1. Quick check on my filter: what residues within segment 24-46 are in a helix (DSSP H, G or I) and over 16 Å from VAL84 (Cβ atoms)?
2. Take the residues of segment 195-223 that are more than 9 Å from ligand 1 (Cβ to nearest atom) and of a type in the set (Gly, Ala, Ser): which is surrounded by the fewest Cβ atoms within 10 Å (Cβ to Cβ)?
3. Does segment 56-63 contain any residue that is of a type in the set (Gly, Ala, Ser) and more than 16 Å from ligand 2 (Cβ to nearest atom)?
4. For the list (1) among the charged types (D, E, K, R); (2) over 30 Å from LEU139 (Cβ atoms); (3) surrounded by 12 or more Cβ atoms within 10 Å (Cβ to Cβ), I need the number of the one condition that GLU295 fails.
5. Condition first: polar (S, T, N, Q), over 22 Å from the mean Cα position of the chain (by Cα) and not in a loop (DSSP other than H, G, I, E, B). Now tell me which residues in segment 47-106 satisfy that.
6. Taking the condition open to solvent by 80 Å² or more (accessible area, probe 1.4 Å), basic (Lys, Arg), on the phi < 0 side of the Ramachandran plot and at pLDDT 85 or above, does LYS254 pass?
7. May I ask you to verify whether ALA243 is part of a helix (DSSP H, G or I), over 18 Å from LEU282 (Cβ atoms) and touching a helix residue (DSSP H, G or I) at 6+ places or on another chain (Cβ under 6 Å)?
8. Scan (1) assigned to a helix (DSSP H, G or I); (2) more than 22 Å from VAL122 (Cα to Cα); (3) open to solvent by less than 70 Å² (accessible area, probe 1.4 Å); (4) more than 16 Å from ligand 1 (Cβ to nearest atom) for the single condition ASN185 breaks and write down its number.
Amino acid sequence: MEITLIVPCYNEEVMLPLFWEQTQPVTATCTNVHFTWLFVNDGSTDASLAWLKTLAQQNPDVQIVSLSRNFGKEAAITAGLAAVAQTAQAAIVMDADLQDPPSLIPEFLQKFQEGYEVVYGVRSSRQADSWLKRTTAQLFYKGYNALADRPLPAHAGDCRLLSRRVLEALLTLPERERFMKGLFNWVGFKSAAIPFVRQKRVAGTTKWNYWKLWNFALQGITAGSTVLLRLWAYIGMCISLGAVLFAGWVAFKKIVWGNPVSGYTSLMVAVLFCSGVQLISLGIIGEYLSRIFMEVKQRPLYLIDEKINC
Ligand code: UDP
Ligand code: MG
């Protein structure tokens, strides 16, 4: 059986030797499986690429796809999937930082042999994360699943095995806004979840801060649902209904009590509330519009600088 490990790497010079040291013994225990490592160098500015090239020279099972600059993890994964689609029976996507434990590999293969086409790791606990990260992640999955047409399995990362058919299906999705978790989920096929404990990063630093995570969440939600766009008509109706009732009440007061000018406060509240609501709705339209703009430009998702052993 031919299996490829797809490893997106961005400035992972410290982690790559450790990753290589730890995955090799695990793959050696899997009999009748030939493993290939496909490292996607996502425009690293450190010595990652140099180290990978040395490894690839000594080892024909190590392949490198090096992108022309940093395109982000989602694009790097897509580049990896495109590179293996013709050769491997299945691919396993893994981070280079060993947060996805290599011990998952045999478990994934076991499920694959049982006939599952997608096998993904689900974090059984997020104790290694900070309180803020845990809470925001929880909120994201709650929000996403409340809005999206197809709910995401909560706390499943990108670490997963994908059969050849699933790889091919993923590559038929043409969009440039690639929220991989959503795309993996959209294609469907018979899937199995494997719980695991996600370790802390052994070395190096995470490439994500909260601003990036917020934008990533927005990308996911706008790609997965149009509810936010359609919601405003209903909010507008509710506010207009409220306004009609309030107008009736004001007219009634005027007729009965002849109340001349009243309610500077209520006037201000109404004006500020309505303009706030309008700006939020415009902002949400802007979010979708900017993504439509990115889509219609039809730019490639990534550019490859060089391929080694591929
Ligand atoms: N990564 C990448 N391109 C990027 C950012 C990250 O290829 O622009 C890779 C990174 O090298 C690692 C994986 O994606 O192998 C996960 O990144 P990280 O550990 O920073 O994310 P976290 O685990 O904190 O979510
Ligand atoms: Mg990580």
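1. Selection gives GLN24, PRO25, VAL26, ALA28.
2. Checked segment 195-223; the qualifying residue surrounded by the fewest Cβ atoms within 10 Å (Cβ to Cβ) is ALA203.
3. Of all residues in segment 56-63, those of a type in the set (Gly, Ala, Ser) come to 56.
The next check asks that each one be more than 16 Å from ligand 2 (Cβ to nearest atom); those that pass are 56.
There is at least one residue in segment 56-63 that is of a type in the set (Gly, Ala, Ser) and more than 16 Å from ligand 2 (Cβ to nearest atom).
4. GLU295 satisfies all of (1) among the charged types (D, E, K, R); (2) over 30 Å from LEU139 (Cβ atoms); (3) surrounded by 12 or more Cβ atoms within 10 Å (Cβ to Cβ) except (2).
5. Of segment 47-106, the ones polar (S, T, N, Q) are 48, 54, 57-59, 63, 66, 68, 70, 78, 86-87, 89, 99, 103.
Checking which are over 22 Å from the mean Cα position of the chain (by Cα) leaves us with 48, 54, 57-59, 63, 86-87, 89, 103.
Within segment 47-106, SER48, THR54, GLN57, GLN58, GLN63 meet the criteria.
6. For LYS254, the condition - open to solvent by 80 Å² or more (accessible area, probe 1.4 Å), basic (Lys, Arg), on the phi < 0 side of the Ramachandran plot and at pLDDT 85 or above - is not met.
7. So ALA243 fails the test.
8. Here ASN185 meets the rest and fails (2).
The values are calculated or read from the model by the stated rules, or taken from the named source; none is laboratory data. These figures come from a predicted structure and were not determined experimentally. FYI the Cβ positions are ideal-geometry reconstructions off the backbone, even for glycines, and counts take in every protein chain you see. Just so you know, the surface numbers come from the protein's heavy atoms only, side chains and all, with ligands and any DNA or RNA stripped out. Shrake-Rupley method; radii C 1.70, N 1.55, O 1.52, S 1.80 Å.
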